Amino acid sequence: MQYRQRCHAALLLLFCAVSTLVVFPSFATSLTLRKDAYVRGPSVRLGDVALIRGDDAEELATIDLGAAALPGQSRHLNASVITARIQSAGVDVSSIEVNGAERIRATTLHQELTPQMLADGLTRFIEEEMPWDPDRTEIDVPLPRETVIVPEGDLEIRWRPTRRYDYLGKGIFKGTIHVNGRVEKSILMHVEVESYDDVLVAARDIPRGHPVSPNDVELKRLPLSGVNVSALHTADQAVGLIAKKTLFAGQVLSERNVAPPILVKRNQVVPVELRSGGLKISTQARVLTDGRAGDMVLCAGLGSKEQFQGVVRADGVVVVN
């Protein structure tokens, strides 16, 4: 019995002596790899997929592990690949304790632009840019077919028509999607805009050469896409003007089909007022062309036949400066 006790004591002393000689590794840094990680892109960093502890944690976190997946998609990374990337970055991996998941799924963060969001955004842009009253305007923006996925960040969509567009009728707009100031995607969207306004129309037939009276016209709300831009919108604009051609009931009055009356006619002798500085001379001349108020007409002297130009004044006098 004493012999056995002495053997056990000797073995215990031997174990203690040997254990003092064993040196367990001491790691300056530790990495705990996450099974699921979320990254912003465009690349995956070590700090995105691992919890890093140690003095070099901040520097190690910036190590590039490769390109990230597309927004909303995932990329898988093995622990062995991560270790190799750390080593290729010039870091001594023997001083790093790596634990955690053996396979990491790195999903790129994203934001979604639904068809309704895109249509609403373009509608608001058109309302702000068009010259028409929104309460009298119909804006139709068909929904695009798909949701647009872009990286997470500060989002801005810049809209512009693909060609010269006056915000009436059918058009196409291009939307350039910016995230954090960088262009990510472009989309094309169709629109149709119709605005309505009160337009002056003939209340009854107005013969050619007939002066327009208040009873000849009325206001009617019409779509502007079918109305000439020179259309008149108040009775005061038309009363006293002359119909250039016969206007039928319901026809829109515009600067194209009504005009001020002719004040001077060809070959008519008219009073002429010559002005030079403070000097004013009154005479007569023969006009060689018809003219309305504000028109430039060609005249000829009654005696000399010398030709000159002057502007017809509202009272029928031709003024020469």
Mean Cα-pair separation over length for region 113-256, i.e. relative contact order, pairs under 8 Å, 6 or more apart, %: 20 percent
Inter-centroid distance (Cα atoms) of region 197-239 relative to region 300-321, Å: 34 Å
Those residues of region 104-142 whose amide nitrogen sits under 19 Å from the label point placed on residue 74, 7 Å along Cα→Cβ: 104-112
Subset of 245/265; 220/265; 244/265 violating a 24 Å alpha-carbon distance limit: 220/265
Helix-only [θ]222 nm of the chain, DSSP H runs n ≥ 4, -39500 (n - 2.57) each, per residue, nearest 500: -5000 deg cm²/dmol
Sequence-separation-based contact order of region 99-181, relative, with Cα cut under 8 Å and 6+ spacing, percent: 31 percent
Region 240-270 versus region 30-93: alpha-carbon centroid distance in Å: 81 Å
Gain in span if fully extended, residue 84 to residue 319, counting 0.36 nm per residue against the direct Cα distance: 75.2 nm
Length-normalised contact order for region 40-171 - Cα pairs under 8 Å, 6+ apart - percent: 24 percent
Candidate values [x] 25, 51, 22, 3, 0; [y] 20, 23, 21, 14, 13, 5, 3, 1, 0; [z] 37, 59, 4, label of the one derived for P(r) over Cα pairs in 20 Å bins from 0, in percent: [y]
Phi to ³J(HN,Hα) by Karplus 6.51 cos²θ - 1.76 cosθ + 1.60 over region 65-73, Hz, x for Gly, Pro: 9, x, 5, 7, 5, 4, x, x, 10
Estimated FRET transfer efficiency when R0 is 25 angstrom, pair residue 205-residue 234 (beta carbons, to 0.05): 0.75
Projected label distance in nm at residue 289 and residue 127, using a 7 Å step from Cα toward the beta-carbon: 5.0 nm
Spacing of the two label points (7 Å from each Cα toward its C-beta) at residue 311 and residue 147, in nm: 6.5 nm
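Rule-based calculations on the coordinates, nothing more; no lab input. Quantities reported herein were computed from a predicted structural model and do not represent experimental measurements. Here the Cβ is made from the backbone with ideal geometry for all residues, glycine too, and neighbour counts use every protein chain on show.
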